Amino acid sequence: MSEKELQTRKVIIETARNLFRQYGYEKTSIDQIAKAAHKAKGSVYYHFKGKEEVFKSALEEELDHLKHILIDVIKNPSFSIENRFEQYIIRRMECLHDAYAYHITLMQDLSVNGSTLPSVMQLRKDFEQWEHDIMMRLTEEGIKTMQLQDIQPEIMADLIKMLVKGLEIQFFVQNKYDSYSPTFKILVKRVTQGFVSATPSMINN
């Protein structure tokens, strides 16, 4: 694909993401995307089979960007295990705050009449598995370096998943992220400090 084609594809995806944000998936058409992107309708169909593929590509871009950010956090040698858990959770939610295609999938989950597209559901499942594996490896590293004690990696990964997933509706569908963010960051810091400071004697008491 040429540089010009890549740029056109990027413009279409970004335009579609903004339209999906304003009007939702169902009310956005290929005609609207083409017009707003200042592209011929045929140009949109040259790059994408239809609206579902445009939406999937928008979501895929968001999740790929999120993975890149989170990998940088996980691999940062200057961070302790505690810092990595803390920054992982905070940066994850910061990035998803602007992930409008992802927000729509959350709304589709809540909609009585709506349904998440199969291809989109697979993308989310793959991302959730990726997150689970990352949290498992980070926990195992913490145990190996003796920064974590008496923690089962599988359970740790599940609990962190429950924590972040449980907040997504309030943050990104009910639009509470901006007002909750300062307190949320303080809470995350205190929770992740507890991962490291909790010793067997403290737990038993």
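The values are calculated or read from the model by the stated rules, or taken from the named source; none is laboratory data. For clarity, every value in this text was computed on a predicted model and none was experimentally measured. Cβ atoms come from the backbone with ideal geometry, glycine included; neighbour counts cover every protein chain shown. We work out accessible area using only protein heavy atoms, side chains counted, and drop any ligands, DNA or RNA first. Shrake-Rupley method; radii C 1.70, N 1.55, O 1.52, S 1.80 Å.
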**Request:** Go through Ile143, Ile169 for me and flag whichever is out of contact with any Phe, Trp or Tyr (no Cβ under 9 Å at 6 or more places or on another chain), open to solvent by 20 Å² or more (accessible area, probe 1.4 Å) and free of Cβ contacts under 8 Å to residues at least 12 places away in the same chain.
**Result:** Ile143
**Complete:** (1) modelled with pLDDT under 95; (2) β-branched (Val, Ile, Thr); (3) open to solvent by 30 Å² or more (accessible area, probe 1.4 Å) all hold for Ile71 apart from (1)
**Message:** Going through Phe48, Phe85 one at a time, which residue ends up being aromatic (Phe, Trp, Tyr), closer than 23 Å to Glu168 by Cβ and in contact with a helix residue (DSSP H, G or I) (Cβ under 6 Å, 6 or more places away or on another chain)?
**Reply:** Phe85
**Message:** Can you find, within the stretch 191-202, the residue that is modelled with the highest pLDDT among those that are out of contact with any Phe, Trp or Tyr (no Cβ under 7 Å at 6 or more places or on another chain) and surrounded by 10 or more Cβ atoms within 10 Å (Cβ to Cβ)?
**Reply:** Val191
**Asked** Considering only the stretch 35-52, how many residues are within 20 Å of Ser2 (Cα to Cα) and part of a helix (DSSP H, G or I)?
**Response** 8
**Asked** Where residues in the stretch 102-119 are farther than 18 Å from Gln174 by Cβ and either out of contact with any Lys or Arg (no Cβ under 6 Å at 6 or more places or on another chain) or basic (Lys, Arg) (or both), which of them is modelled with the highest pLDDT?
**Response** Pro118
